[in-house]
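A.B. asks: Structure in C-alpha cells, see below.
Derivation of every value follows stated rules applied to the coordinates shown; laboratory data play no part. Only a predicted model underlies this, so the values are computations on that prediction, with no experimental measurement involved. Cβ coordinates were reconstructed from backbone atoms using ideal geometry, including for glycine residues, and neighbour counts include every protein chain displayed.
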Amino acid sequence: MSADARESGGVGEPFSPAETADAFARALLAGDAVAAAAYFSPLARFLTPDGTEVSGRSSIAELLEQLVSSNQVLEVRTGRTLRADSVALCTQYWTRLSRDTRVAPFELASTAKLVLQRGERDWQILIAAPWG
C-alpha cells in the first residue's frame, strides 16, 4: 500500500483506529516489517516478550524484521477497539506457531494491546504490547 493510500485509508478518509490496527497486522502477516512499522508513531514504544522497551519507528522496524524472519507462523486477529477522542486502545489476539524442525513444536498465544493516537492526518500506533 502506498503512503498516500495508507494516510487516506485508500478512499479519501483517514483510517479508523481499528482499520489502522488491521492494516498493521496485514503488513506484518505479509512479512513486510517496514510497511508494518510505518503504522507506528516516530515516538512509539514496543514492549518485547522479556519486558524490554524498544523506542522509535526504526528500532521497531528492526524488531518486526526479526519477528517476520523467524521460523514461525504468526496469526493475528483484531478484537475490540475503544476510542476516546484522539486516543484508542485496540486488542489483538496473537498466536505464534513454531516451524523449526530442530526444536520441539510450540504454540504461544497472547492478547496484544495497541494504544493509538490520532495525528494531524492519521491514526498511529503509539504503544504496542503484543505479549500482554
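A.B. asks: Quick one: compute the contact order of the chain, relative version, from alpha carbon pairs under 8 angstrom and 6+ residues apart, as a percent.
C.D. replies: 25 percent
A.B. asks: Amide H neighbours of residue 41 under 5 Å, counting only residues 5+ apart in sequence or on other chains, H built in-plane at 1.01 Å?
C.D. replies: 125, 126
A.B. asks: In vacuo Debye scattering of segment 23-116, one point per C-alpha: log10 I(q)/I(0) at q = 0.23 Å⁻¹?
C.D. replies: Results for segment 23-116 at q = 0.23 Å⁻¹ read -1.39.
A.B. asks: Moving on to the next point. Order of 118-131, 100-113, 66-79 by packing, highest average Cβ count within 10 Å first?
C.D. replies: Ranked by mean Cβ neighbours within 10 Å, highest first: 118-131, 66-79, 100-113.
A.B. asks: How many angstrom lie between the C-alpha centres of segment 102-118 and segment 58-94?
C.D. replies: If you average the Cα positions of each part, the centres end up 8 Å apart.
A.B. asks: Also: Once both axes come from the Cα atoms, what is the angle between helix 57-69 and the longest principal axis of the chain, in degrees from 0 to 90, rounded to 10?
C.D. replies: Between helix and principal axis, roughly 40 degrees.
A.B. asks: Mind pulling the angle between the C-alpha long axis of helix 17-29 and the longest principal axis of the chain? Nearest 10 degrees, somewhere in 0 to 90.
C.D. replies: 40 degrees
A.B. asks: A further question on this structure: Could you size up the charge dipole of segment 27-130 around its Cα centre, putting +1 on the beta carbon of Lys and Arg and -1 on that of Asp and Glu, and report it in debye to the nearest 20?
C.D. replies: Roughly 260 debye for segment 27-130.
A.B. asks: Give the long-range amide H neighbours of residue 112: residues separated by 5 or more places, or on another chain, with amide H under 5 Å away, using H modelled in the peptide plane at 1.01 Å from N.
C.D. replies: Hits under the 5 Å cutoff: 92, 93, 94.
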